[in-house]
Amino acid sequence: MLYRSHLNTGLAAGVVLAGAAQLAQPGQPVEDLLMLAGLTAAFALVPDLDVASVPQRWFYRGVALALAVLLALDRGHAAGLLGFFALLPLVHHHRGWMHRWWAAAVVPAGVLLLGAALLNRLHWPMEPNEIPTLLRSQLSTHLPFYCAMALGYATHLVVDRVGLRALRPR
């Protein structure tokens with residue numbers, strides 16, 4: 001599938017999610033609804049970060065910029081974490097672990113933890129038993145955004161599965 005197919009289906013799913021959020025709790029700030037739709041669309045591209053593509057180029061340009069900012073701010077631990085996690089899609093082949101259903105739940109959770117690190121909510125060194133508490137805290141605070149990321153990721157996997165079946169000769 002082309003990245004545009006994933007982007008468009010992710011955006012459509014994000015608009016539906018934002019609409020459902022507005023119906024569930026009227027009066028949501030427009031910025032939050034746009035963020036839900038945007039995250040869903042963006043995460044519909046994440047599983048293809050393991051292959052040379054337009055989304056991969058833009059992702060790594062963003063990572064390079066973020067690393068430069070973090071290093072300029074003397075945030076070496078956060079820069080190290082970002083660099084490490086940004087490399088993970090490249091350590092396996094295309095349609096490897098990034099195209100597994102469990103990744104749709106795990107990758108967004110990792111993004112929440114990485115976000116906490118980048119926003120300086122983590123202390124160093126962190127004890128392993130503190131990670132579940134931090135993850136629960138991040139999930140309770142950012143559950144709609146986690147759902148948007150997971151939905152976008154899952155949308156990609158569904159489009160790949162349906163699209164690949166549709167393209168097979170019968």
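Remarks
- Student exercise, the chain dipole from Lys, Arg, Asp, Glu Cβ charges, in Debye to nearest 20: 680 debye
- Accessible surface, the chain, averaged per residue in Å² (probe 1.4 Å): 60 Å²
- When the chain is described by a simple charge dipole with +1 on each Lys and Arg Cβ and -1 on each Asp and Glu Cβ, the residue from Phe59, Leu113, Phe145 located farthest towards its positive end is Phe59.
- Mean separation of Cα pairs under 8 Å and 6 or more residues apart, divided by the residue count, gives the range 46-131 a relative contact order of 32 percent.
- At R0 = 22 Å, FRET efficiency that the Cβ-Cβ distance of Ala66 and Trp97 yields, to 0.05: 0.45
- Value of [θ]222 nm, deg cm²/dmol, for the chain, DSSP H segments ≥ 4, -39500 (n - 2.57) each, nearest 500: -24500 deg cm²/dmol
- Chymotrypsin sites (Phe, Trp or Tyr not before Pro) restricted to DSSP loop in the range 78-154 with at most 12 other C-beta within 10 Å: Trp101, Trp102
- Average Cα contact separation per residue, the chain, under 8 Å, 6 or more apart, as relative contact order %: 35 percent
- Rounded percent of accessible protein surface that carbon and sulfur make up, the chain, 1.4 Å probe: 70 percent
- Semi-axis lengths, largest first, of the ellipsoid equivalent to the range 1-91 are 28, 19, 9 Å, with √(5λ) applied to each eigenvalue of the Cα gyration tensor.
- When the chain is reduced to its Cα atoms, the Kirkwood hydrodynamic radius in Å: 17.1 Å
- Arg95 accessible area, 1.4 Å probe, all protein chains in place, Å² to nearest 10: 80 Å²
The values are calculated or read from the model by the stated rules, or taken from the named source; none is laboratory data. All values reported here derive from a predicted model rather than from experimental measurement. No Cβ is skipped: glycine too gets one built from the backbone with ideal geometry, and neighbour counts run over all protein chains shown. We work out accessible area using only protein heavy atoms, side chains counted, and drop any ligands, DNA or RNA first. Shrake-Rupley method; radii C 1.70, N 1.55, O 1.52, S 1.80 Å.
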